[in-house]
Ligand SMILES: Nc1ncnc2c1ncn2[C@@H]1O[C@H](COP(=O)(O)OP(=O)(O)OP(=O)(O)O)[C@@H](O)[C@H]1O
Ligand SMILES: [Mg+2]
């Protein structure tokens, strides 16, 4: 079976007031294609740090990350940002939309940067906006959207380039319960139908039945319970 996301012996330490604090300690994870893995753990346990390393936003102190079989380390800046665009969809806790672009333009921009042709991009954007219940908001600017709508645009944007790996850091925090379930259901479907490897950091136990595995970040490692 192919694992589109692999972390091997990933260790990360921060300097904290002159002291070295070990946040991740030889963490290992393999996520198979089609699999959605939930990661839980107390505040401050290192979930966002782990996700930033998996998503090539933060370099680990040591260890290795492989995206679709390709190592992140040692890539030149340009190659790394291309890799992020092609292979990674990142959904943050807050939407981080571009204020001067309309909803559909947010999606078209990442498609263009990722090298998708315009006809396909238009079709894909329309499909995602429909699935996320945003059709009627396609020409709105971010400041006219509700928090939940903004978050759904961010999700559509992360899915736009059909990335191999999908990483989401508490994406349902700003959504009501039923919207939250819809979003996680959609992430699970995207993983299944398009052979992605997906990781969802969450505090919401209600979404766990939609995930294939649940892991807990404890003492710098991911454990099954
Ligand atoms: N840039 C940094 N410099 C120093 N310490 C940091 C830095 N970023 C995070 N930390 C520390 O690392 C630990 C893990 O932080 P992280 O944000 O990964 O936790 P988390 O599990 O995502 O928490 P939450 O559930 O609150 O989002 C925390 O103690 C935090 O203070
Ligand atoms: Mg966090």
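Computed values, structure above
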{"read-out": "Residue 9, sole failed condition from (1) within 16 Å of ligand 1 (Cβ to nearest atom); (2) surrounded by fewer than 16 Cβ atoms within 10 Å (Cβ to Cβ); (3) modelled with pLDDT of 95 or more", "value": "(1)"}
{"read-out": "Test for residue 131: is it at pLDDT below 95 and within 16 Å of ligand 2 (Cβ to nearest atom)", "value": "no"}
{"read-out": "All positions within segment 1-10 that are assigned to a strand (DSSP E or B) and free of Cβ contacts under 8 Å to residues at least 60 places away in the same chain", "value": "7, 8, 9, 10"}
{"read-out": "Elements of type strands (runs of 3 or more DSSP E) contained in segment 35-150, each with 3 or more residues being buried (at least 17 other Cβ atoms within 10 Å of the Cβ) and within 16 Å of ligand 1 (Cβ to nearest atom)", "value": "35-40"}
{"read-out": "Hits in segment 151-187 (condition: surrounded by 22 or more Cβ atoms within 10 Å (Cβ to Cβ), within 16 Å of ligand 2 (Cβ to nearest atom) and over 19 Å from residue 99 (Cα atoms))", "value": "167, 168, 171, 172"}
{"read-out": "Qualifying residue in segment 11-32 (condition: in contact with a strand residue (DSSP E or B) (Cβ under 6 Å, 6 or more places away or on another chain) and assigned to a loop (DSSP other than H, G, I, E, B))", "value": "no"}
{"read-out": "Residue within segment 9-19 that is more than 16 Å from ligand 2 (Cβ to nearest atom) and within 23 Å of residue 206 (Cα to Cα) present", "value": "no"}
{"read-out": "Among the residues listed as 64, 70, the single one being over 28 Å from residue 203 (Cβ atoms), more than 14 Å from ligand 2 (Cβ to nearest atom) and in contact (Cβ under 8 Å) with a residue 24 or more places away in the chain", "value": "64"}
{"read-out": "Any hit, segment 201-214, residues being assigned to a strand (DSSP E or B), modelled with pLDDT of 95 or more and surrounded by fewer than 21 Cβ atoms within 10 Å (Cβ to Cβ)", "value": "yes"}
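The values are calculated or read from the model by the stated rules, or taken from the named source; none is laboratory data. Just so we're clear, the structure is a prediction, and the values are computed from it rather than from any experiment. Because the Cβ atoms are built from the backbone with ideal geometry, glycine has one as well, and the counts that use them run over all protein chains shown.
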